[in-house]
1. Taking Ser64 and the conditions (1) out of contact with any Cys (no Cβ under 9 Å at 6 or more places or on another chain); (2) touching a residue at least 12 places away in the same chain (Cβ under 8 Å); (3) surrounded by fewer than 19 Cβ atoms within 10 Å (Cβ to Cβ), which numbered condition does it fall short on, given that it satisfies the others?
2. Just name the residue that is farthest from Ser45 (Cα to Cα) out of those in the range 78-106 that are hydrophobic (A, V, I, L, M, F, W, C) and more than 16 Å from the chain's Cα centre (by Cα).
3. Out of curiosity, is Val13 more than 24 Å from Ser101 (Cα to Cα) and at pLDDT below 55?
Amino acid sequence: MLDASDGRLRLPVGTPGSIVFSDSKVGVTVASFTLGIHYDGYGGSGSSISVVGSSCAGGWWNTSGFWDNRISSSFNGCYRLKHHDGPNRTGGFESTTGSGSIHDLTFFNNRAESVSYWSS
């Protein structure tokens, strides 16, 4: 089914984008999507960073350097993004809800040090 070489995985034409191999020794999923895009301006303006993953199950991204306390708006790839006051999902938070659209932060504008990604 697969031929791996030089760090690449080649699948037959027509193979769906998300597949779990039937070999019990292989636990690979080849599917990822944009969990969120974060902007340093309102309405999706200014500099941005995209966070990509494979699940909206509460995983998080710790901002660092340039992005500490910088986020003013976010595009939701997951239904709910929680913008946390501290790293590792700590402190208070502001949620933005509704996947597929950009949301401005209000009371957590320029305060987020981590963002978590949720399906509900």
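1. Unmet for Ser64, out of (1) out of contact with any Cys (no Cβ under 9 Å at 6 or more places or on another chain); (2) touching a residue at least 12 places away in the same chain (Cβ under 8 Å); (3) surrounded by fewer than 19 Cβ atoms within 10 Å (Cβ to Cβ): (2).
2. First, pick out the residues of the range 78-106 that are hydrophobic (A, V, I, L, M, F, W, C): 78, 81, 93, 102, 105.
The next check asks that each one be more than 16 Å from the chain's Cα centre (by Cα); those that pass are 93, 105.
Working: Phe93: 22, Leu105: 13 Å.
The selected residue is Phe93.
3. Details: more than 24 Å from Ser101 (Cα to Cα): yes; at pLDDT below 55: no.
Here the answer is no, as Val13 does not meet what is asked.
For (1) part of a loop (DSSP other than H, G, I, E, B); (2) crowded, with 16+ Cβ neighbours inside 10 Å; (3) touching a residue at least 60 places away in the same chain (Cβ under 8 Å), each residue gets a yes or a no:
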| residue | (1), (2), (3) |
| --- | --- |
| Gly46 | yes, no, no |
| Val51 | no, yes, yes |
| Phe75 | no, yes, no |
| Thr90 | yes, no, no |
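The values are calculated or read from the model by the stated rules, or taken from the named source; none is laboratory data. None of the values given here were measured: they were computed from a predicted structure. Note that we place each Cβ from the backbone using ideal geometry, even for glycine, and neighbour counts take in every protein chain shown.
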